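Worksheet for the structure shown next.
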Amino acid sequence: MSTLAQIKKIHTLKNVLQLDDDLYFDMLMSFGVQSSKNLTTTEAGIFLEILEEKAVLTNKWEVRNKKYEELTSRDEDMATPAQLRMIEAIWREVCYVDTPEFAKQSLRKFIQNKFKIADIKFLTKKKAVKVIGAISAMKQKLIG
């Protein structure tokens, strides 16, 4: 079955391309389904490639490689790219020296000391939630 992220992106691209319902359903029927929820993960990936290519060609969509996107296809228990980006973003808000290199090193040290994990990329989803909670609590203390 397609993932929630794939379904959301399919519907976003459907809206960006301003596809009418008839054309959209015809496209889905070419995969033998009536709903994007019924696509396999692979089929949803192919459908997304088709929609993205069409949107890029019509200058309605810009393909950007977001940080950590190369980690998208790893084990489901591992932290998502969005979680990793969120951790870095919240960390930058609590980091007292605003340079990218210091922020990266200090976040790594924080995760090693508090969670016994060598690098942010090795966080599981559960640990990522705990890291986000811990950094958010630090942020709240700073705000007052």
Q.
Any residue in segment 23-39 that is of a type in the set (A, V, I, L, M, F, W, C) sitting within a Cβ distance under 6 Å of a residue that is assigned to a helix (DSSP H, G or I) and buried (at least 17 other Cβ atoms within 10 Å of the Cβ)? List the pairs, counting only those 6 or more apart or interchain.
A. Phe31/Glu43
**Q.** Filter result for the condition that a residue is outside the structural domain of Ala128 (by TED's automatic domain parsing), modelled with pLDDT of 90 or more and of a type in the set (D, E, K, R), over Asp75, Asp21
**A.** Asp21
Q: Please tell me if Gln6 is assigned to a helix (DSSP H, G or I) and modelled with pLDDT of 95 or more.
A: no
Q: Name every residue in segment 68-109 that is of a type in the set (Phe, Trp, Tyr), assigned to a helix (DSSP H, G or I) and either closer than 14 Å to Lys139 by Cα or within 20 Å of the chain's Cα centre (by Cα) (or both), in order of residue number.
A: Trp91
Q. What residue, among those in segment 111-128 that are part of a helix (DSSP H, G or I) and more than 16 Å from Tyr68 (Cβ to Cβ), is nearest to the chain's Cα centre (by Cα)?
A. Lys126
Q: Being hydroxyl-bearing (Ser, Thr, Tyr) and surrounded by 14 or more Cβ atoms within 10 Å (Cβ to Cβ) is the filter here, so list the residues in segment 69-100 that pass it.
A: Thr80
Q) For the subset of segment 10-22 comprising residues that are free of Cβ contacts under 8 Å to residues at least 40 places away in the same chain and surrounded by 12 or more Cβ atoms within 10 Å (Cβ to Cβ), which member is farthest from Ser73 (Cα to Cα)? A) Leu19
Q) Can we say Lys54 is closer than 30 Å to Lys14 by Cα, part of a helix (DSSP H, G or I) and in contact with a helix residue (DSSP H, G or I) (Cβ under 9 Å, 6 or more places away or on another chain)? A) yes
Q. Among the residues of segment 112-133, how many are buried (at least 16 other Cβ atoms within 10 Å of the Cβ) and more than 19 Å from Asp75 (Cβ to Cβ)?
A. 1
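One line per residue, one yes/no per condition, for (1) surrounded by 12 or more Cβ atoms within 10 Å (Cβ to Cβ); (2) in a loop (DSSP other than H, G, I, E, B); (3) among the hydroxyl-bearing types (Ser, Thr, Tyr); (4) on the phi > 0 side of the Ramachandran plot:
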{"site": "Asp26", "(1), (2), (3), (4)": "no, no, no, no"}
{"site": "Gly32", "(1), (2), (3), (4)": "no, yes, no, yes"}
{"site": "Leu48", "(1), (2), (3), (4)": "yes, no, no, no"}
{"site": "Val63", "(1), (2), (3), (4)": "no, yes, no, no"}
Q. Which residues, counting only those in segment 105-144, are within 15 Å of Glu88 (Cβ to Cβ) and among the small types (Gly, Ala, Ser)?
A. Ser106, Ala128, Ala134, Ser136
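The values are calculated or read from the model by the stated rules, or taken from the named source; none is laboratory data. Computed from a prediction, not measured in an experiment: that's the story for all the values here. When we count neighbours, we look across all protein chains shown, and the Cβ atoms used for this are built from the backbone with ideal geometry, even at glycine.
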